[in-house]
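Trainee: Have a look at this one.
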Amino acid sequence: MAVGTWLLIHCLLFSSSSAHNDFFTSIGQMTDLLFTEKDLVTSLKDYIRAEENKLDQIKRWADKLDVLSAAATQDPEGFLGHPVNAFKLMKRLNTEWGELESLVLTDMSDVFISNLTIQRQYFPSDDDQTGAAKALMRLQDTYQLDTDIISTGELPGSSLAASHRSTLTVDDCYDLGKVAYSEVDYYHTELWMVQALKQLDQGEASSTVDAVTILDYLSYSVYQQGELERALEFTRRLLELDPTHQRANGNLKYFEYQLAKQKKVEEGEEGEGRQRKEIRGRPDDYLPERKKYEELCRGEGIRMTPRRQSRLFCRYYDNNRHPRYVIGPVKQEDEWDSPRIVRYYNIVSDKEMEKVKELAKPRLRRATISNPVTGALETAHYRISKRRATVHDPQTGKLTTAHYRVSKSAWLGAYEHPVVDKINQRIEDITGLDVTTAEDLQVANYGVGGQYEPHFDFGRKDEPDAFEELGTGNRIATWLLYMSDVQAGGATVFTDVRAAVYPKKGTAVFWYNLYRSGEGDYRTRHAACPVLVGNKWVSNKWIHERGQEFRRRCGLQETD
């Protein structure tokens, strides 16, 4: 097959499979899948035992008849001369063989199939599986993980017991490569196909994929990245395994021709020719600050000098002798100086956090945030939305589906449970701000590779109607409560000032989104880094301007 035909086939594959996937889940909800699978395993074992009992009955019947028929056929007339034998032969053929037939035809799988059919409606979809694969690749990029590290399950910061640590098989690595390939992501296709090939070469067996298939993907993916020599190398290795491979034979001639042409150009023998440009590396995406964001997630490039650090303090805080905290002040710690970000310790108890999770879990839905490119609010933040968000592609200018949110959230009103009302009151007492005009408590749970990319919490000047329906003004401040520890990843980073705040269960961080003048503080652009290992639960309270006139005085100055 000519390379032109090969290219056409690949283009057709891309056009049919490049639709964006909609993978928005949470670890909290995924735990239900584990129990569903456990129930199915129990049902499957019951089915196996039923089949084994059935086969055991058939085997005993067959063994008994085998001995009887062997003796009977040696002297048939003598055997049937005994009237009892004649009677039992008639009975067996007329009745017992019929009963055996009914036993053989009995379907022991009915209960299991029925259970499986009922549970299947809760199973992940193809899009979910694709989303999980893309999440692994997102973690790979953000935390600069080698495919070997992911494949062996030995992730940085992981303290999981050996029984909890999983490895990727050849088939798993191959499937990850295919997901990248369907997304026209040749960079990750190459990485995961190389890993699959490596594990095959090390002797790992696979029942679904062979080296020829992997090499076919590899040769094309590296060719698309402009690496002709490696494409040729992989093609030759493929042909050593399968000399009759039609596409590889065609590609071999094409790659050799292109490589020869490229060398002539390099040697200056063909002035008008051009060598194929290498385009290795991750493809560009919609987020202009991707590199900065990921560096901060890894703990790199944080701008806090020792001198600045020395000016940050811990203290006991009573909010100007608030009656609730005069005797028992809260612990307050400075996390950042400008903009000022503070952390409060022991804000809620474990029991209260578990109740909030319990209330939120049944109603978790996709989260909504501001568009990272335009900064515009896509859907009202106080609504639960199932609608796909759209952003403007910075290169084409066209609307495209956004997939930068991988979490699920729910909203809890103060009236729904006393614990929510208590948390709201605590926020008001500590911050000194009126929460009656604030939005409901939003609870979020992050799934595989869960993240929340850089955004602003407040409405900008170019979106004056962002919170018009609420009628409570702009978001003056953000209260973020961490309801779980995270083993690795999951930091809250502020990309403009290069700050990072790490999750600590039972603590809350607080900052103002607006200056005293009412202008937005663009230094508060922040993000939630992907969760590498662990389960991240947070709840946040967005506090609005209305009601704060006498609690936080307006002023012309920009800072407090």
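The values are calculated or read from the model by the stated rules, or taken from the named source; none is laboratory data. All figures in this text were calculated on a predicted structure; none of them were measured in a lab. Virtual Cβ from ideal backbone geometry, glycine too; neighbours counted across all protein chains shown. Surface areas here come from the heavy atoms of the whole protein model, side chains and all, with no ligands, DNA or RNA. Shrake-Rupley method; radii C 1.70, N 1.55, O 1.52, S 1.80 Å.
Trainee: Taking all protein chains as present, what is the carbon and sulfur share of the accessible area of region 283-374, in % to the nearest whole number, probe 1.4 Å?
Mentor: On the way: 2650 of 5380 Å².
C and S atoms contribute 49 percent here.
Trainee: Which value, in Å², gives the accessible area per residue of region 418-560 when a 1.4 Å probe is used on the protein heavy atoms?
Mentor: Roughly 34 Å² per residue, with all protein chains present.
Trainee: What is the distance, in nm, between label points placed 7 Å from the Cα along the Cα-to-Cβ direction at residue 291 and at residue 498?
Mentor: 1.3
Trainee: Let me ask another. How far, in nm, would the chain grow between residue 96 and residue 46 when pulled straight, counting 0.36 nm per residue and subtracting the alpha carbon separation?
Mentor: Values: separation 50, 0.36 × 50 = 18.00 nm, distance 2.70 nm.
Result: 15.3 nm gained on full extension.
Trainee: Between region 90-164 and region 185-233, what is the separation of their alpha carbon centroids in Å?
Mentor: 27
Trainee: Please tell me which of these pairs span more than 21 angstrom C-alpha to C-alpha: 178/198; 134/536; 361/536; 331/361?
Mentor: Details: 178/198 16 Å; 134/536 19 Å; 361/536 13 Å; 331/361 30 Å.
Where the Cα-Cα span goes over 21 Å, the pairs concerned are 331/361.
Trainee: Here's another thing I want to ask about it. At a 10 angstrom cut-off on C-beta neighbours, averaged per residue, how do the peptides 47-58, 129-140 rank from highest to lowest?
Mentor: Output ranking for 47-58, 129-140: 129-140, 47-58.
Trainee: Rank-order 528-537, 353-362, 462-471 by packing density, defined as the average count of other C-beta atoms within 10 Å over each peptide's residues, highest first.
Mentor: In descending order of packing, they fall as 528-537, 353-362, 462-471.
Trainee: Okay, moving on. If contacts are Cα pairs under 8 angstrom and at least 6 residues apart, what is the relative contact order of region 424-560 in percent?
Mentor: After rounding, I find 38 percent.
Trainee: On full extension of the chain, what length is gained from residue 204 through residue 120, given 0.36 nm per residue of separation minus the C-alpha to C-alpha distance?
Mentor: Separation in residues times 0.36 nm, less the Cα-Cα distance, equals 27.1 nm.
Trainee: What's the center-to-center distance, using Cα atoms, between region 308-349 and region 24-58 in Å?
Mentor: One Cα centre to the other: 50 Å.
Trainee: Estimate the FRET efficiency between residue 519 and residue 322 by the formula 1/(1 + (r/R0)^6), using the beta-carbon distance for r and 25 Å for R0, to the nearest 0.05.
Mentor: About 0.30, to the nearest 0.05.
Trainee: Another question, if that's okay. Using r as the Cβ-Cβ distance of residue 84 and residue 57, and R0 as 22 Å, what FRET efficiency do you calculate, to the nearest 0.05?
Mentor: 0.35
Trainee: Could you state the accessible area per residue of region 91-205 in Å², with a 1.4 Å probe and every protein chain left in place?
Mentor: 54
Trainee: Roughly how many percent of the accessible protein surface of region 467-560 is carbon and sulfur, given a 1.4 Å probe and a whole-percent answer?
Mentor: On the way: 1690 of 3380 Å².
Reported share for carbon and sulfur atoms: 50 percent.
Trainee: Sticking with this structure for a sec: Need one number: nm distance between label points at residue 345 and residue 233, each 7 Å from Cα along Cα→Cβ, rounded to one decimal.
Mentor: For the pair residue 345/residue 233, the computed spacing is 5.4 nm.
Trainee: List the aspartates and glutamates whose alpha-carbon lies under 15 Å from that of residue 38, not counting same-chain residues fewer than 8 positions away?
Mentor: By straight Cα distance, residue 38 reaches 46.
Trainee: Related question: Among 435-443, 340-348, how do they line up from the highest to the lowest mean number of other beta-carbon atoms within 10 Å? Display every interim value, and only then the final one.
Mentor: Values: 435-443: 20.3, 340-348: 18.2.
The most tightly packed comes first, giving 435-443, 340-348.
Trainee: How much length would be gained if the chain were fully extended between residue 465 and residue 242, taking 0.36 nm per residue of separation minus their Cα-Cα distance, in nm to one decimal?
Mentor: The residue 465-residue 242 span can extend by a further 73.9 nm.
Trainee: With the full set of protein chains in place, find how many percent of the accessible area of region 82-232 is carbon and sulfur; take the probe as 1.4 Å.
Mentor: Carbon-and-sulfur percentage of accessible area, whole number: 55.
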